[in-house]
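Chemist: Handing you a structure now.
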Amino acid sequence: MLLVGLGNPGTTYENTRHNIGFLVIDELLKRSSHSEIKKASFEGDLFKSRSTYLLKPTTFMNLSGNAIAKVKNFYKLEETIVIHDDIDLPFGALRFKVGGGHGGHNGLRSADKMIGKEYIRVRMGVGKPEHKSQVADYVLHDFNAGEQLVLGAWIRHTANSVEALLEKSLSDVASRFSLKDISKLGS
């Protein structure tokens, strides 16, 4: 199994909405014993925990599919889970699906091109700006103060859902962990 968190490399983007996938991978790594696999040709930070590989591509978002394909092909991995931000969902929403369109998300566009569309998507809603022309700026900025108050709990909840996906069916996980928005967390 390959778990991929989408994001952009470097400290400039570290806590931005677009890097929510990286933040979930970081949480999963905190929870498990793992080893780092250093291979420059993978174009990503790769870790192994038992039979699971965790990847944070070090290319920018629009080339993340390259890293995903390289790791997937090298280790002959069948199943892939991609954790990513989704502006079509309100902040704090969490949804799961297989396949579908990329919705303008450059990381998904790249993954679709390199490995096809049949992978599990863990869609983390980050909300959207008022005007479509503001999308790039919006996703490349840090979460606001109110969002930061609940960000840790949401990341932990999402990490719990990804761990569950390793053992349970997508429908079971979706029914247990899906959120309409952050207010539903803990209720």
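The values are calculated or read from the model by the stated rules, or taken from the named source; none is laboratory data. The structure presented is a predicted model; accordingly, all values stated were derived computationally and were not measured. Using ideal geometry, Cβ is built from the backbone for each residue, glycine included, and neighbour counts are taken over all protein chains shown.
Chemist: Modelled with pLDDT of 95 or more, farther than 20 Å from ASP137 by Cα and not β-branched (Val, Ile, Thr), is that true of ALA40?
Modeler: no
Chemist: Additional query: In the range 156-174, what count of residues is obtained for those that are part of a helix (DSSP H, G or I) and out of contact with any strand residue (DSSP E or B) (no Cβ under 8 Å at 6 or more places or on another chain)?
Modeler: Final tally of qualifying residues: 7.
Chemist: Hey, can you tell me all the residues within the range 75-117 that are under 17 Å from TYR138 (Cα atoms) and acidic (Asp, Glu)?
Modeler: Of everything in the range 75-117, those that are under 17 Å from TYR138 (Cα atoms) and acidic (Asp, Glu) turn out to be ASP85, ASP86, ASP88.
Chemist: Given the conditions (1) touching a Ser or Thr at 6+ places or on another chain (Cβ under 9 Å); (2) farther than 13 Å from ARG17 by Cβ; (3) not β-branched (Val, Ile, Thr), and given that GLY100 satisfies all but one, which numbered condition is not satisfied?
Modeler: Status for GLY100: all satisfied but (1).
Chemist: Identify, from the list ASN62, ASN66, the residue that is surrounded by fewer than 14 Cβ atoms within 10 Å (Cβ to Cβ) and touching a Ser or Thr at 6+ places or on another chain (Cβ under 8 Å).
Modeler: When all the criteria are applied, what remains is ASN62.
Chemist: Which count do you get for residues in the range 1-50 that are free of Cβ contacts under 8 Å to residues at least 60 places away in the same chain and part of a strand (DSSP E or B)?
Modeler: Total satisfying the criteria: 9.
Chemist: Follow-up question, since we're still on this one. Please find, among VAL139, VAL162, VAL135, VAL126, the residue that is over 16 Å from the mean Cα position of the chain (by Cα), surrounded by 12 or more Cβ atoms within 10 Å (Cβ to Cβ) and on the phi < 0 side of the Ramachandran plot.
Modeler: Answer to the selection: VAL135.
Chemist: Scan GLY127, GLY101, GLY107, GLY92 and give me the residue that is part of a helix (DSSP H, G or I), in contact with a helix residue (DSSP H, G or I) (Cβ under 9 Å, 6 or more places away or on another chain) and small (Gly, Ala, Ser).
Modeler: GLY107
Chemist: For the list (1) closer than 18 Å to ILE25 by Cβ; (2) in contact (Cβ under 8 Å) with a residue 60 or more places away in the chain; (3) buried (at least 17 other Cβ atoms within 10 Å of the Cβ), I need the number of the one condition that ILE182 fails.
Modeler: (1)
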